[in-house]
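Asker: Attaching a single structure in structure tokens format; questions to follow.
The values are calculated or read from the model by the stated rules, or taken from the named source; none is laboratory data. Everything quoted here is computed from the prediction, not taken from an experiment. Neighbour counts run over all protein chains shown; Cβ positions are idealised from the backbone, glycine included.
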């Protein structure tokens with residue numbers, strides 16, 4: 001899979017995957033998936049990367065891109081410490097791929113990126129899919145301290161809280177390993193970016209179709225966060241996945257994929 005060179009950011013390179021229909025037209029949407037803190041393109045299951053539908057002979061309706069933010073996954077770099085800087089990465093990514101606009105699919109921190117992008121670059125956003133996220137993402141000071149002083153312990157703690165009660169142990173172990181592959185500096189930067197994020201008073205300004213997805217057992221961004229988004233973003237839809245945790249798209253990929261596919265079809 002290729003790298004995109006972000007000329008607007010000094011030539012920084014980000015790794016991405018691409019699946020789905022070739023080309024983008026009025027009937028074929030571009031979806032750009034933005035992972036959460038300490039995540040990567042591996043945060044997105046096949047059920048999202050290969051959306052079902054009638055738009056092509058293969059049954060796919062969209063061109064789906066999943067990028068590794070700088071310093072994450074296969075992308076070089078040291079990451080950033082603000083949501084605005086990550087928004088600049090996604091906008092530069094759209095420019096590099098000649099995408100005029102896209103549906104931004106964001107998980108957790110990636111949801112904050114999607115929300116901020118809808119406010120700062122509304123002409124580039126065709127819709128939002130907000131998964132396990134909120135309008136404000138405060139991080140417990142103990143977690144911020146632990147990342148710097150006990151990285152393995154912090155990763156273990158976050159891993160325990162990230163999954164619902166029905167998640168297989170193998171999935172939890174894999175999730176912890178993927179987070180541990182980040183450097184402490186990158187992970188700390190991500191959580192500092194989350195901690196400073198707050199657009200509670202601006203949700204009413206968002207003017208694009210929006211789908212909000214949350215697991216009812218999410219302990220990091222609980223149901224009330226999703227409910228607040230759905231109540232305050234005009235005409236937003238809310239989907240709750242029973243007994244799923246923060247990593248709802250990996251725990252229940254079929255249900256999340258179907259919800260995203262229905263939303264995309266409505267666009």
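Asker: Tell me which of these residue 29 doesn't satisfy, since it passes every other one: (1) under 21 Å from residue 267 (Cβ atoms); (2) in contact with a strand residue (DSSP E or B) (Cβ under 7 Å, 6 or more places away or on another chain); (3) modelled with pLDDT of 95 or more.
Answerer: With respect to (1) under 21 Å from residue 267 (Cβ atoms); (2) in contact with a strand residue (DSSP E or B) (Cβ under 7 Å, 6 or more places away or on another chain); (3) modelled with pLDDT of 95 or more, residue 29 is out only on (3).
Asker: Can you tell me which residue in region 145-171 is farthest from the chain's Cα centre (by Cα), limited to those that are in a loop (DSSP other than H, G, I, E, B) and surrounded by fewer than 17 Cβ atoms within 10 Å (Cβ to Cβ)?
Answerer: It comes out as 150.
Asker: Please work out if residue 253 is surrounded by fewer than 22 Cβ atoms within 10 Å (Cβ to Cβ), under 15 Å from residue 47 (Cβ atoms) and modelled with pLDDT of 95 or more. Write out each step before concluding.
Answerer: Working: surrounded by fewer than 22 Cβ atoms within 10 Å (Cβ to Cβ): yes; under 15 Å from residue 47 (Cβ atoms): yes; modelled with pLDDT of 95 or more: yes.
It is true that residue 253 is surrounded by fewer than 22 Cβ atoms within 10 Å (Cβ to Cβ), under 15 Å from residue 47 (Cβ atoms) and modelled with pLDDT of 95 or more.
Asker: Regarding region 171-179, can at least one residue be identified that is in contact (Cβ under 8 Å) with a residue 60 or more places away in the chain and in contact with a strand residue (DSSP E or B) (Cβ under 9 Å, 6 or more places away or on another chain)?
Answerer: no
Asker: If a residue must be in contact with a helix residue (DSSP H, G or I) (Cβ under 8 Å, 6 or more places away or on another chain) and at pLDDT 90 or above, how many such residues does region 158-170 contain?
Answerer: 6
Asker: Let me ask something else about it. From (1) modelled with pLDDT of 95 or more; (2) within 26 Å of residue 82 (Cβ to Cβ), pick out the condition that doesn't hold for residue 209.
Answerer: (2)
Asker: State whether one or more residues within region 229-248 are touching a residue at least 60 places away in the same chain (Cβ under 8 Å), under 15 Å from the mean Cα position of the chain (by Cα) and closer than 25 Å to residue 30 by Cβ.
Answerer: Yes.
Asker: For region 110-136, enumerate the residues that are surrounded by fewer than 24 Cβ atoms within 10 Å (Cβ to Cβ) and touching a residue at least 60 places away in the same chain (Cβ under 8 Å). Don't jump to the end; show me each part of the working.
Answerer: Of region 110-136, the ones surrounded by fewer than 24 Cβ atoms within 10 Å (Cβ to Cβ) are 116, 119-124, 126-127, 135-136.
Residues satisfying the conditions are 116, 119, 122, 126, 127, 135, 136.
Asker: Let me ask something else. Cβ-Cβ below 6 Å, separation at least six or inter-chain, first residue in region 139-167 and without any contact (Cβ under 8 Å) to a residue 12 or more places away in the chain and on the phi < 0 side of the Ramachandran plot, second surrounded by fewer than 19 Cβ atoms within 10 Å (Cβ to Cβ) and in a helix (DSSP H, G or I): which pairs?
Answerer: Going by the 6 Å Cβ cut-off, the qualifying pairs are 146/153.
Asker: Of these, 149, 75, 108, 120, which one is farther than 17 Å from residue 42 by Cβ and at pLDDT 95 or above?
Answerer: 120
Asker: Further question on the same structure: Name the residues in region 223-249 that are more than 24 Å from residue 200 (Cβ to Cβ) and crowded, with 24+ Cβ neighbours inside 10 Å, would you?
Answerer: Listed by number, the residues that qualify are 244, 247, 249.
Asker: Here's another thing I want to ask about it. Return the only residue of 198, 190 being on the phi < 0 side of the Ramachandran plot, in contact (Cβ under 8 Å) with a residue 40 or more places away in the chain and in contact with a strand residue (DSSP E or B) (Cβ under 6 Å, 6 or more places away or on another chain). Talk me through it step by step, then tell me what you get.
Answerer: Working: 190 fails: in contact with a strand residue (DSSP E or B) (Cβ under 6 Å, 6 or more places away or on another chain).
One residue alone meets the criteria, 198.
Asker: Still on this model: Residues of region 98-127 being in contact with a strand residue (DSSP E or B) (Cβ under 8 Å, 6 or more places away or on another chain), over 23 Å from residue 265 (Cβ atoms) and not in a helix (DSSP H, G or I), which ones?
Answerer: If the condition is that a residue be in contact with a strand residue (DSSP E or B) (Cβ under 8 Å, 6 or more places away or on another chain), over 23 Å from residue 265 (Cβ atoms) and not in a helix (DSSP H, G or I), then 108 is the only one that fits.
Asker: Residues in region 227-236: is at least one over 15 Å from residue 136 (Cβ atoms), at pLDDT 95 or above and touching a helix residue (DSSP H, G or I) at 6+ places or on another chain (Cβ under 6 Å)?
Answerer: Among the residues of region 227-236, at least one is over 15 Å from residue 136 (Cβ atoms), at pLDDT 95 or above and touching a helix residue (DSSP H, G or I) at 6+ places or on another chain (Cβ under 6 Å), which makes the answer yes.
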